[in-house]
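This report refers to the structure that appears directly beneath it.
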Amino acid sequence: MSEETMPQSDLRPLTSSHRAGVVICDCGDKIAGILDTEVLRRQAAALPEVVYAARDAYPCSKDGQARLRQAIAEHRLDRLLIAGCAPRLVEKLFQQTAQSAGLNDGYLEVTDIREQCAYVHGDAPAALQKAADLIEMGVARLVTTIPPDAHTGRIVKSAMVIGSDLSGLTVALSLSDNNIPVTLVEPTNALGGSPHDLSGRERELIAERSKAASHHSHIQTLLNARVIEVTGHPGDYQVRIAQNSHTTTFAAGAIIVATRAHPQELGTSRWYDRSRVVTQAQFEQELGAVEAGGSLSPNNIVMILCAQEPSDGRCSRVCCMDAIRQAIRARQYNPNANVTILFRDLYLGGAGDQQTDEFQQAVELGVTFFRYRKGHLPKIGDPTIDVHDTLTGETVRLPYDRAVLAMPLVPQDDASLGTTRTLAALLRVPQDESGFMIEPRVRLRPGRYTDDGVYVLGGAHQPADTAETLFQAYMTSSRVQRFLSQDSISVKASTAQIDAKLCTGCGNCAQVCPTLAITLEKRDGGVAATLSLSDVDPLRCTGCGNCAVVCPVKAILLPGWGDAEILAQISAVLRRASATGKVVALACEWSAYAAADMAGARHMAYPPDVCIIRMNCSARFDPYHVLWAFINGAAGVFLGACPPGECHYGTGNLYAKERVEVLKKLLAEHGIDPRRLRLEFLAGDDGGQFAKTMTGFVKELAEIVRVVNLVK
């Protein structure tokens, strides 16, 4: 670029403790053709924290990046704000530029005056004022922000597999074949557990792989063993194992949970003639005895699928095919037997045509399939099983010698073997309503979250047939190998930090942490030892900010998204007298903020009174921030969150909803119209809904003001 076209800038003496620079992007004529960027530059230069302000046609170009590096070096800038397009488009690029110039990328801020101003408000005077507000908000955040620290941990090149069902054995063999040492922990006295209630094919695979695992040089087998303690960090766990009467601690970089699911017991809530009524697992043992040389005596066999509704209504997915296979074997062992399968919904599942072929084989062998409706469970009587015919509406009576009930599969609950609940607590893995473990999948941008090295598959995760079990095992093996191939794990992200002087050990933070990254530790010495101290594992923390909101003494700092940064931005937009009527919009970057960018990209207009503050998650929406906005004159506060079930941090949006409902009641009690606070769930790609919602909210606020003035 020649001297005539060098970006214009203002330089002035330093008047604050920071050396902040502001670069206004013209973006060709996409911004400069709509907003007067020279006016914005002069206004930015007048801010007390700014020592350098410039305009640049394209700071994202190679020449523009070179000029940024030059400005950082020449003017010794320790903060830099780029006012241009959407952060998600250029933030990473500018962070790399800042780093190459020796500036901590945590002190780099991108303010969107294109999609969130020029594209949606045009060249109206209010648009120019909003752009100036956005720049001032960005500078306010810059001079108060604390950049996150990098956290690094080593990775132990070994794995531990808990449970030796088919999935566990398969993972152990796959890892050991790739020269990864594996410790295989089995709570029973034999590999494979108790496979007597499995299909023949699965029993064969377990027997084959148990033999291979027991002789593999890279697999250490621990029988009659269970996990009693897990400490350490992702990639470097210390697992204490109790085996017989001894305890030993093992190091593992990755932990794989592959315990089995078990059929629920019949229980005692209903009476059954146990000589005639059995579960699928018990009938499998009966068929196994026939294979060993016995005979199948029952002539009338009735199998009832979905014999008991699971607590969460989930389908176990394997019962239907197990029943079909058992029916085929029963007909083969006793051709005179009448076999009837009563089903509500028949789930064949699986890949390929094998399941369909087996169903057809059962039909050809004379197995009868009879459907019943939900809510009309077959009644097991003394001489017959009565079932409601969905076609005729009449009751059909089926004689039976053997009733086989398909019971829902549930997680391991034998205390002597180590319950699933206990294991989940030790590993800090959440459970669903049925008690199955959930392997968290946090959908954050690259570099924002690191795998914690704990994997759940097989019956510990959910019931699965043989094909799916093997698929999960091989996929998990690949993931573990990729994780262990790293020399270390490093996370440079906003993670919660505890101020030990303020922490009272109340435990609120630990209760709401979605990744179970917070634990309560005992303090050392003195009177303070009577209080616990919260401790954050930075390699687990995803920085949602939920803990910072629930802390009653504000002892938790979240670098980059702290109270100081957020309140400074709110104050900046409401500082002027012209701020009357302003709407402060706290927008989750994954939903409402992205939707605002989309609205701008499509030039969908909404009132310029809306000033958007980017938030990392709706879990960070703090009632104190809302109150601060109202105290400083905001006409309204808008909170934009992900739709239920789509929160990147799990349940941040649900916490936000609960807090808003409580806050609205408190506002009403203190004379503030609760309609001035609005929470909306917005999809990140729905710019139209964002523009419509903002327009409607501003109109509603104007009507509230009009009514209040009439009353006065």
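Gain on full extension, evaluated as 0.36 nm per residue between R240 and E521 minus their Cα-Cα distance, stands at 99.3 nm. For the stretch 222-325, applying the loop criterion from DSSP together with a ceiling of 15 other beta carbons within 10 Å to the GluC sites (Glu not before Pro) yields E265.
A 1.4 Å probe run over the protein chains yields, for the chain, 44 Å² of accessible area per residue, whole-number rounding. When each full DSSP H helix of the chain is screened for a Cα extent of at least 24 Å along its own axis and an average Kyte-Doolittle hydropathy of at least -0.5, the helices passing are 125-144, 466-484, 652-669, 687-711.
Which shape class applies to the chain: rounded if a/c is under 1.5, otherwise prolate when a/b exceeds b/c and oblate if not, where a ≥ b ≥ c are the square roots of the Cα gyration tensor eigenvalues? It comes out prolate by the Cα gyration axes.
Would you please classify the overall shape of the stretch 451-503 from the alpha carbon gyration tensor, given that a ≥ b ≥ c denote the square roots of the eigenvalues, rounded means a/c under 1.5, and beyond that prolate means a/b larger than b/c while oblate covers the rest? The shape class here is oblate.
Protection proxy ranking for 593-601, 61-69, using the average of other Cβ atoms within 10 Å per residue and placing the highest first: 593-601, 61-69. Projecting the Cα atoms of A101, S571, S164 onto the charge dipole of the chain (Cβ charges, centred on the Cα centre) puts S571 farthest toward the positive pole.
Each label was represented as a point 7 Å from its Cα along the Cα-to-Cβ direction; for K30 and Q308 these points are 6.2 nm apart. Amide H contacts for D401 (H built 1.01 Å from N in the peptide plane; partners 5 or more residues away or on another chain; cut-off under 5 Å): N299, N300, I301, V302.
For a modelled paramagnetic label at T390, 7 Å from Cα along Cα-to-Cβ, the residues of the stretch 335-373 in reach, with backbone nitrogen under 12 Å, are 342-347, 370-373. Label-to-label distance, E439 versus V363, with points set 7 angstrom from Cα along the beta-carbon direction: 3.7 nm. Residue ranges 180-186, 679-685, 252-258 sort as 252-258, 180-186, 679-685 when ordered by packing (mean number of other C-beta atoms within 10 Å per residue, highest first). Take 137-143, 337-343 and order them by the average number of nearby Cβ atoms within 10 Å per residue, most first; the result is 137-143, 337-343. The chymotrypsin sites (Phe, Trp or Tyr not before Pro) found in the stretch 236-332 that occupy coil by DSSP, while having at most 12 further C-beta atoms within 10 Å, are W271.
Full extension of the chain between E74 and L654 yields a length gain of 204.0 nm, computed as 0.36 nm times the residue separation minus the alpha carbon distance. If I model a spin label at Q486 and N189 as a point 7 Å from the Cα along the Cα→Cβ vector, what separation in nanometres do I get? Using points 7 Å along Cα→Cβ, the separation is 4.3 nm. Using a cutoff of 8 angstrom between alpha carbon atoms and counting only pairs six or more residues apart, the relative contact order for the chain works out to 12 percent. Using only side-chain charges placed at the Cβ, +1 for Lys and Arg and -1 for Asp and Glu, the dipole size of the chain relative to its Cα centre rounds to 1220 debye.
As a calculated quantity, the FRET efficiency between H376 and L348 at R0 = 25 Å, using C-beta atoms, amounts to about 0.65.
Here the stretch 588-681 has 57 percent of its accessible surface on carbon and sulfur atoms, given a 1.4 Å probe and all protein chains in place.
The values are calculated or read from the model by the stated rules, or taken from the named source; none is laboratory data. Just so it is clear, the model here is predicted, and its values are computed rather than measured. Cβ atoms come from the backbone with ideal geometry, glycine included; neighbour counts cover every protein chain shown. Side chains included, ligands, DNA and RNA excluded: accessible areas come from the protein's heavy atoms. Shrake-Rupley method; radii C 1.70, N 1.55, O 1.52, S 1.80 Å.
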